[in-house]
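What follows is a set of notes on a single structure, which appears directly below.
The values are calculated or read from the model by the stated rules, or taken from the named source; none is laboratory data. Nothing here was measured: the structure is a model prediction, and the numbers come from that model. Cβ coordinates were reconstructed from backbone atoms using ideal geometry, including for glycine residues, and neighbour counts include every protein chain displayed.
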Amino acid sequence: MDGSIANDAKTLDVPAVMADLGRRAKAAAAELAYAPAAARDAALRAAADAIEAREAEILAANAKDMAFGREKGLTEAMLDRLLLTAPRVAAMAQGLREVAAQEDPVGRVLEEWTRPNGLHFRKVATPLGVIGVIYESRPNVTADAGGLCLKSGNAAILRGGSESFHSAGAIHACLQEGLRAAGLPADAIQRVPTRDRAAVGEMLTLQGAIDVIIPRGGKGLVGRVQAEARVPVFAHLEGICHVYADAAADPEKARKVILNAKTRRTGICGAAECLLMHRDYAAGQGAQTVAMLLDAGVEVRGDAAVQALDPRVVPATEADWGCEFLDMILAAKVVDDVDAAIAHIQAYGSQHTEAVLTEDDAVAERFFARLDSAILLRNASTQFADGGEFGFGAEIGIATGKMHARGPVGAKQLTSFKYLVEGDGTTRP
């Protein structure tokens with residue numbers, strides 16, 4: 001189904017449509033499993049070319065989505081997630097080319113050994129099969145998810161949010177153009193052709209057709225997927241990211257990182273949502289740090305100690321700790337030491353991304369050892385929680401669970417494995 005298909009739920013039998021998508025994806029996955037890497041890479045490069053050639057069409061579709069989002073009353077941060085610009089379209093195309101240039105993740109020999117009886121074992125990377133991706137506002141996920149699934153030899157069923165319906169359709173058409181140009185089945189990347197939320201429920205129960213579901217969105221979406229899915233899920237509930245400024249933080253580095261972590265893009269899951277300051281850092285640098293944030297337009301919600309640093313600070317409530325604002329709002333608290341910061345993060349965090357700002361190696365090592373978030377950084381912005389920044393070319397999401405994939409999920413993380421065993425007339429006694 002191409003991106004131009006009608007989205008009127010009244011004209012669609014949603015269960016039948018979803019079952020058909022599943023059957024076609026399964027058949028396409030069987031072809032992709034043995035398609036040569038050169039063909040998959042050619043499809044990615046052709047899709048990138050199509051995205052660049054269709055820039056005007058994509059931006060026109062995005063304009064419709066932006067109007068829809070404004071009518072729905074989306075916040076400025078959410079509208080920024082939805083917005084496509086010429087540079088962002090170019091970045092999508094570049095991301096596909098970077099994925100195409102990566103080593104083929106399929107067929108990698110992960111381990112190899114020979115037993116005393118002469119049997120030779122190889123553990124080899126294989127595609128997962130059919131991946132269902134459910135996402136919300138960001139239309140570029142269409143390209144990222146479709147491209148990564150294709151690179152890893154998986155078929156994809158993409159279900160974008162209602163806000164990004166037109167943009168996702170235009171981008172999806174480019175992906176299918178790339179598949180056709182490379183002689184691969186267009187059904188390898190399919191898109192749910194309706195805004196009807198019933199389609200999500202159908203996806204979650206397509207056992208035998210979908211091998212794994214990846215939700216990328218807010219707490220409501222991810223919570224629903226985890227509660228209702230009948231297939232495995234790679235997910236994170238929220239990006240409640242913390243920055244801890246230690247007593248041994250370099251003041252200039254710390255201010256630069258804190259400002260970037262909060263304000264570069266407030267609507268992404270790697271945006272900082274809580275600042276924790278060691279009491280000594282707060283005494284020496286706290287007022288300047290808080291003023292910097294306030295002057296940049298950030299609403300700071302602080303405890304009593306932070307409120308004492310600047311009269312513009314809003315009193316924090318219990319609900320502000322552990323809140324994913326996705327906006328120009330930051331919770332802030334003064335803590336006694338690194339252990340108090342760790343305890344706060346363990347109590348209110350979502351095991352997504354945390355940063356420690358310190359020149360003290362022992363503090364950094366303690367922070368890294370005692371927290372179990374998917375990504376931990378030292379003297380670097382939480383906004384680096386992104387597959388492209390990890391060198392993955394793109395990501396399909398940040399997984400915060402502990403099974404199979406964790407952190408940015410790129411092409412390599414979208415593979416499973418099988419064992420290839422060779423003998424020479426070997427029998428078991």
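Listing for the model above:
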read-out	value
Residue in the range 408-421 that is outside any helix (DSSP H, G or I), loosely packed, with under 14 Cβ neighbours inside 10 Å and free of Cβ contacts under 8 Å to residues at least 40 places away in the same chain present	no
Candidates ALA249, ALA245, ALA261, ALA254 - the one that is crowded, with 19+ Cβ neighbours inside 10 Å, within 24 Å of ILE375 (Cβ to Cβ) and under 20 Å from the mean Cα position of the chain (by Cα)	ALA261
The range 365-387: number of residues that are assigned to a loop (DSSP other than H, G, I, E, B) and acidic (Asp, Glu)	2
Among residues of the range 125-172, those that are part of a helix (DSSP H, G or I), within 14 Å of the chain's Cα centre (by Cα) and among the polar types (S, T, N, Q), counted	2
Residue match in the range 219-236 (condition: buried (at least 18 other Cβ atoms within 10 Å of the Cβ), under 14 Å from the mean Cα position of the chain (by Cα), over 17 Å from VAL409 (Cβ atoms) and in contact (Cβ under 8 Å) with a residue 24 or more places away in the chain)	no
Test: residue in the range 204-216 that is of a type in the set (A, V, I, L, M) and either closer than 30 Å to ALA332 by Cα or assigned to a helix (DSSP H, G or I) (or both)	yes
Which numbered condition PRO311 fails, given (1) part of a loop (DSSP other than H, G, I, E, B); (2) surrounded by 23 or more Cβ atoms within 10 Å (Cβ to Cβ); (3) modelled with pLDDT of 95 or more	(2)
Matching helices (runs of 4 or more DSSP H) fully within the range 1-112 where at least 2 residues are at pLDDT 95 or above and in the same structural domain as LEU128 (by TED's automatic domain parsing)	14-32, 37-53, 55-72, 86-101
Criterion violated by PHE325 - all others in (1) crowded, with 18+ Cβ neighbours inside 10 Å; (2) within 29 Å of the chain's Cα centre (by Cα); (3) free of Cβ contacts under 8 Å to residues at least 60 places away in the same chain; (4) farther than 25 Å from GLU389 by Cα satisfied	(4)
For ALA145: the one exception among (1) buried (at least 17 other Cβ atoms within 10 Å of the Cβ); (2) within 29 Å of GLU202 (Cα to Cα); (3) in contact with a helix residue (DSSP H, G or I) (Cβ under 9 Å, 6 or more places away or on another chain)	(3)
Number of the exception - GLY223 against (1) small (Gly, Ala, Ser); (2) in a helix (DSSP H, G or I); (3) touching a helix residue (DSSP H, G or I) at 6+ places or on another chain (Cβ under 9 Å); (4) under 30 Å from ASN154 (Cβ atoms)	(3)
Residue count, the range 181-203 (criterion: outside any loop (DSSP other than H, G, I, E, B) and either over 17 Å from ALA93 (Cα atoms) or touching a residue at least 60 places away in the same chain (Cβ under 8 Å) (or both))	12
Checklist (1) closer than 23 Å to THR263 by Cα; (2) out of contact with any strand residue (DSSP E or B) (no Cβ under 7 Å at 6 or more places or on another chain); (3) small (Gly, Ala, Ser) applied to SER373, failing item	(2)
